[in-house]
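Visitor: Just passing along the structure, written as structure tokens.
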Amino acid sequence: MNARGSERTVRALQIGFIALLLACSAQLAYWMIDEYRYTETVRDSRRAAYEDQARSSAALLRAGVPWATIAAAHPTIAPDSAGVPRVSAAVLAQLDADRFHRLNRYTWEGTFFLVVLIAAMGVVYAALREEHALRRQQEDFLAAASHELKSPLASLRLSAETIALRDPAPPRRAELVQRLLSDLGRLDQMIENVLDASRLSRGVAPRSREQVDLAALVAQVADELRPLADDCGVTVTLAVEEGLVVKADLEGVRTIARNLIHNGIKSTRASAGTVTVRAAQNTEGVSLYVDDTGIGFTESDSRGLFQRFQRIEANGHERLPGTGLGLYLVRRCAELDGAAVAAASDGPGRGARFTVRWPPPQTSLGY
């Protein structure tokens with residue numbers, strides 16, 4: 001059975017399970033209603049039997065049978081104020097009390113099982129919705145990844161063919177080489193993100209804490225992304241003080257810096273704006289700030305920014321290019337180092353700020 005057939009089978013089983021739960025809920029509701037009617041029938045039948053005894057007692061009393069003999073035979077009967085045999089008020093109250101206690105027990109039992117069934121349906125329904133959302137995200141990821149692969153590959157091929165077949169002048173050759181480097185950087189970024197996401201999701205990414213020179217690492221990452229920034233007309237400005245050190249996994253910090261700067265370039269490319277990288281240290285630790293003058297985001301977008309496969313819309317309907325893994329990797333790498341991530345924006349078109357704060361070394365997580 002192929003993957004598509006397996007998904008359909010699982011979906012059919014899930015829907016069938018919900019249908020079964022609905023049927024059980026309906027049966028439980030019917031049982032509760034039936035028990036209500038049954039207790040009423042039992043009470044009324046017992047009351048009718050006691051009233052028959054009262055009529056028999058009245059007949060015996062008229063026949064001259066002593067009341068003591070009648071009372072011994074029918075203890076549920078007592079004379080009223082006029083001396084007429086009636087069903088005892090205590091007996092009638094006990095009938096109502098018995099029915100109430102029985103109904104109360106059935107109600108609690110039925111309500112408990114009904115809540116369990118409704119909760120089970122809620123869990124299955126939530127699982128179905130989550131599965132549907134994940135499937136859509138995966139489909140979007142595959143479409144985005146295919147596009148991200150095809151675009152630089154087509155550009156690489158065009159540049160390579162131009163260099164090979166036309167032997168352009170040195171200025172033009174340098175421009176084409178720059179484009180080649182930019183496209184290779186895009187491919188490398190995407191492949192690294194996919195591999196990192198796979199390793200982190202499986203928990204097999206090797207990690208080791210060490211003293212990381214933040215200024216040197218950010219400068220190195222910015223140099224690697226410089227061709228992409230130049231190709232997009234984006235200016236990357238660094239303002240990281242020398243001597244800032246974080247105790248964390250080197251490759252994790254590199255992944256964080258690379259994806260935050262890369263995200264800023266993507267968000268700013270349409271306006272040819274600026275990405276500014278800063279860092280500061282205080283008693284709470286070392287913070288890395290990446291500000292851009294790009295598309296920004298809404299408050300609703302901010303809730304899913306660091307989830308897998310999430311890509312915000314650039315102009316109300318078109319999503320940003322990319323696989324939707326970059327900011328997810330930022331969050332996961334930061335979490336593994338005991339760091340906190342945050343994102344803020346004044347709204348669409350007003351830029352954004354991404355912050356990663358590493359705790360002081362003595363409070364960082366160990367490995």
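Taken together, the values in this text are just the output of simple stated rules run on the coordinates, not laboratory data. Since we're looking at a predicted model, the values are computed, not measured. We place every Cβ from the backbone using ideal geometry, glycine too, and count neighbours over all the protein chains shown.
Visitor: If I take R0 = 30 Å and measure r between the Cβ atoms of residue 132 and residue 340 in this structure, what FRET efficiency does the formula 1/(1 + (r/R0)^6) give, to the nearest 0.05?
Guide: Values: r = 31 Å, r/R0 = 1.03.
Taking R0 as 30 Å, the efficiency between residue 132 and residue 340 is 0.45.
Visitor: Taking a point 7 angstrom from the Cα of residue 36 along the C-beta vector, which residues in the range 86-121 have backbone N less than 17 Å away?
Guide: The answer is 99-115.
Visitor: Cβ neighbours within 10 Å, averaged per peptide: list 246-255, 157-166 in order, most packed at the top. Walk me through the numbers on the way to the answer.
Guide: On the way: 246-255: 22.2, 157-166: 12.7.
Those peptides, ordered most packed to least, come out 246-255, 157-166.
Visitor: Once both labels are modelled 7 Å past Cα along the beta-carbon direction, what's the residue 51-residue 72 spacing in nm?
Guide: Result: 3.0 nm between the two label points.
Visitor: Under the 0.36 nm per residue contour assumption, what length would be gained going from the current alpha-carbon distance of residue 172 and residue 104 to full extension?
Guide: 15.7 nm
Visitor: Just report the Cα centroid separation between the range 166-190 and the range 45-81, whole Å.
Guide: One Cα centre to the other: 111 Å.
Visitor: From the phi of every residue in the range 260-271, what ³J(HN,Hα) in whole Hz does the Karplus formula 6.51 cos²θ - 1.76 cosθ + 1.60 yield, where θ is phi - 60° and glycine or proline is x?
Guide: Along the range 260-271, the couplings run 5, 5, 4, 5, x, 5, 4, 5, 9, 4, 5, 9 Hz.
Visitor: With labels modelled as points extended 7 Å from the Cα through the Cβ direction, what inter-label distance (nm, one decimal) is found for residue 281 paired with residue 242?
Guide: 1.4
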